Amino acid sequence: MDKKKLPIGIEDFAEIISQDFYYVDKTGMIKELLSNWGKVNLFTRPRRFGKSMNMSMLKCFFEIGTDKSLFDGLAISKETELCEKYMGQYPVISITLKSTEADNFETSRNLIASEIRDEAERMSFLADSDRLSASEKESYARLLQADSNDEVLYRSLKTLSGLLQKHYNKKVIILIDEYDVPLAKASNHGFYKKMVLLIRNLFEQVLKTNSSLEFAVLTGCLRVSRESIFTGLNNTKVYSLLEAECDEQFGFTDEEVKEMLAYYDLSEYYSTTREWYDGYMIGQANVYNPWDVINWCNQLLNNLDRIPKCYWANSSSNEELKRFIERMGDGVTKTQIERLISGDTVQKKIEEQLTYDTMYDSIENMWSLLYATGYLTQSETPMGNVVRLAIPNTEVRTIFRDSVLNLFEKEVAQDGAMVTDFCDALKTGNAEEVERLFNDFMEKTISIRDTAVKKSFKESFYHGLLIGILSYKDGWSVDSNGESGNGYYDIAAEIEREEIGIIIEVKYAENAQFESECQNAIKQINDNDYTAELKSDGMRTLWKYAIACYKKECKVVVEREDYEPK
C-alpha cells in the first residue's frame, strides 16, 4: 500500500486532508479553545511550530460552507454536539501577516493592505447581497481600495466583519496568523513606531470595539506588550509557552512522533529523532519541533543513510542567537553559555511582554527572547515567571556551537601573528608550542564541560576551533572529515610547496585522561592509514597529531613519518 505523502511546507489544512498527506491530528485544539473561551485568544509559539497549520484548520472547521467531510475520523468528529453547534456555522475572516515583511514602511503597509484586500475579495458575494444597503455595498467597494486610505485600512477588518454579520446574521470569527512579523521587520529597518501605530489602530478597531466579533485567534512568536499594541484591550486570553492550556496542540508529542515513524517503517530512528528534535517544554507538555520531524522523515525516506540536519536553523537567519553570543562578556558570561551547551541549565526571570524595539536593549530581555523564539526551553515546571532554561536538543545545541565558533573565527582573524606562530609550530612538529598556543586560543572562547552531552559533540567543538584557526592560514590546503585509507580523518592539511602533510585527530579527554586519548588518537591514525591521501598527493614529510582536549586544556602528541615514493 502506498504511504501518505509528507506535507513539506504545506500549511493548508484542506489540501493536506483532501490530497492525502500525512496529518498529525491537532483538531483537539478546537474543543480546548471553545472550552477555555476567550474573546481574543493569542497563541505565542516559536517559528515552524504549526501555527499556520492550526489556523487553517480552525478556518476550515468554523467557516460557513466548509467541507465537513475533511474532519471525518479526526479527534474533533467524536464531539458530535460541539460539531453540530459550531462546525460550518460562522463567517470567518482569515489573514496572515507572515509575508508582509519589507525594508520600508510604505511597502510593508501596502502588503498588509493587499492581504486584507485579498480576503475581502474572497467575500465578493457581498457586492450583490440583498441584505446589504447601497451604502454598505459602497463600504465593501472601498475595502477593495484599502491601500489608498489610512482610515479605510484601519477600519477594514471591522468593516468587513460588520458586513459579514449583516449578510449572514451571524457574528464573525477572526483569525490573524503571525501578527507580529511586520513589527519584527519594522524594528530591524527603523520604522517600528509607524508600524506600531498601524497595527494598533487596525487591532483596536476589530478586536476592542467590534460588536460583530464572535471571537478572534491570533498567533505570533512574541507577546508584544499591551502598551505598544493592545492598548486598552482587556479581553485577551494569552496562551504562552508557560501555559498548560492547549500545550500539546503546537508541536508533536512523543506518541505522535512514534506513530509517524512506525507508519513510515522508521521506528529504528526514534532515538536519533528524539535526541535531535525533541526537548521543548510548553506548559506541561514535552514536544518535538514538527518542521524538523517532517523534514527528517522525508530525508530518511529518500536515503536511510542520511544523518540529521539543522532544518529549523536553516529556515531563518538566527539573528537573535547571533546577537546574544556577541554579548558574551558584556552581561553574558562564558560560564552561562558553557553550562547551556554542555546540557546544564541557567535560571532566569522571563519577561513575556516584550517590544521588538527594546528586545536587544538588555541581557534580561535577550534571555526572554531566546526562550520565546525556541532557542531555549524550560527544563522543569517554572516558579511563576522564574524559569530554569536549557537548550532543548542536539539541533539547537549545534546552532549554539556554530554561533560560538563563528564568533571565535572573527576573533582569530584579528590576530594574524598568533595564527602564524601556531601554524609554524604545526608544520615543524613542535608539539609543545602547538599545545601552548592552542591553550591560549581556547582561553578566548568557551569550553565544553564534562556532562552527559555526547562525546562526539564535544570533540566536534574542539575540531571546529582548530578549523577556525587553520582557515586563516594562506597557502595551506585544509580539509575536514575527509576519506583516506580505511576511514575518515578529522583534519588534514597540505603545504604543497614544502611537501608537508599534517593529519590531526581530535579527542575529548573525559576526566582529563589526556595521555590515553592521545595514544588512542595516534593508534587510530596509523591503524586506518589516514596519511594515504597525503602521500598520494606528493607530501613527503608527514606530521601525525593527536590533540586531546578537556575544558580549556589540551595535550598534544606528534609522530613524524618521512615518505619516499617507491
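The values are calculated or read from the model by the stated rules, or taken from the named source; none is laboratory data. Please read all numbers here as calculations on a predicted model, not as lab measurements. Here Cβ is always computed from backbone atoms with ideal geometry, including for glycine, and neighbour counts include all displayed protein chains. These area figures cover heavy atoms from the full protein model, side chains too; ligands, DNA and RNA do not enter into them. Shrake-Rupley method; radii C 1.70, N 1.55, O 1.52, S 1.80 Å.
Residue-by-condition table, conditions (1) in a helix (DSSP H, G or I); (2) open to solvent by less than 50 Å² (accessible area, probe 1.4 Å):
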position: Ser94; (1), (2): no, yes
position: Ala102; (1), (2): no, yes
position: Asp130; (1), (2): no, no
position: Glu138; (1), (2): yes, no
position: Glu151; (1), (2): yes, no
position: Ser161; (1), (2): yes, yes
position: His167; (1), (2): yes, yes
Subset of the stretch 197-223 (residues that are among the aliphatic types (A, V, I, L, M), part of a helix (DSSP H, G or I) and open to solvent by less than 10 Å² (accessible area, probe 1.4 Å)): Leu198, Ile199, Leu202, Val206, Leu207
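Matching residues to (1) modelled with pLDDT under 90; (2) under 20 Å from the mean Cα position of the chain (by Cα):
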position	(1), (2)
Leu202	no, no
Thr209	yes, no
Glu214	no, no
Arg223	yes, yes
Glu245	no, no
Gly251	no, yes
Between a first residue in the stretch 280-306 that is closer than 20 Å to Arg388 by Cβ and in contact (Cβ under 8 Å) with a residue 12 or more places away in the chain and a second residue that is open to solvent by 60 Å² or more (accessible area, probe 1.4 Å) and of a type outside the set (Ser, Thr, Tyr), which pairs have beta carbons less than 6 Å apart while being 6 or more apart in sequence or on different chains? Gly283/Glu243; Ala285/Glu248
Would you point out the residue of the stretch 296-325, among those that are touching a Ser or Thr at 6+ places or on another chain (Cβ under 9 Å) and open to solvent by 70 Å² or more (accessible area, probe 1.4 Å), that is nearest to Asp361 (Cα to Cα)? Lys322
Among the residues of the stretch 245-279, what is the count of those that are assigned to a helix (DSSP H, G or I), in contact with a helix residue (DSSP H, G or I) (Cβ under 7 Å, 6 or more places away or on another chain) and in contact (Cβ under 8 Å) with a residue 40 or more places away in the chain? 4
Positions within the stretch 257-287 being open to solvent by less than 50 Å² (accessible area, probe 1.4 Å) and aromatic (Phe, Trp, Tyr), in sequence order: Tyr264, Tyr269, Tyr270, Trp276, Tyr277, Tyr280
The correct count of residues that are open to solvent by less than 20 Å² (accessible area, probe 1.4 Å) and among the small types (Gly, Ala, Ser) in the stretch 474-512 is 7
In the set Asn54, Asn41, the lone residue that is in contact with a Leu (Cβ under 7 Å, 6 or more places away or on another chain) and open to solvent by less than 40 Å² (accessible area, probe 1.4 Å) is Asn41
For Arg142: the one exception among (1) assigned to a loop (DSSP other than H, G, I, E, B); (2) open to solvent by 50 Å² or more (accessible area, probe 1.4 Å): (1)
Need a quick list: strands (runs of 3 or more DSSP E) entirely within the stretch 458-562 having at least 3 residues that are within 29 Å of Phe400 (Cα to Cα) and in contact (Cβ under 8 Å) with a residue 24 or more places away in the chain. 491-495, 500-508, 541-550, 553-562
Could you list, in sequence order, all residues of the stretch 379-403 that are of a type outside the set (S, T, N, Q) and in contact with a Phe, Trp or Tyr (Cβ under 8 Å, 6 or more places away or on another chain)? Val387, Leu389, Ile391, Pro392, Glu395, Val396, Arg397, Ile399, Phe400, Arg401
Can you report the number of residues in the stretch 412-457 which are part of a helix (DSSP H, G or I), among the hydrophobic types (A, V, I, L, M, F, W, C) and open to solvent by 70 Å² or more (accessible area, probe 1.4 Å)? 0
Can you name every residue in the stretch 378-405 that is among the aliphatic types (A, V, I, L, M), closer than 22 Å to Gln284 by Cα and either buried (at least 18 other Cβ atoms within 10 Å of the Cβ) or in contact with a Pro (Cβ under 8 Å, 6 or more places away or on another chain) (or both)? Val387, Leu389, Ala390, Ile391, Val396
Are any residues in the stretch 293-318 assigned to a helix (DSSP H, G or I) and over 21 Å from Phe461 (Cα atoms), and if so, which ones? Val293, Ile294, Asn295, Trp296, Cys297, Asn298, Gln299, Leu300, Leu301, Asn302, Ser315
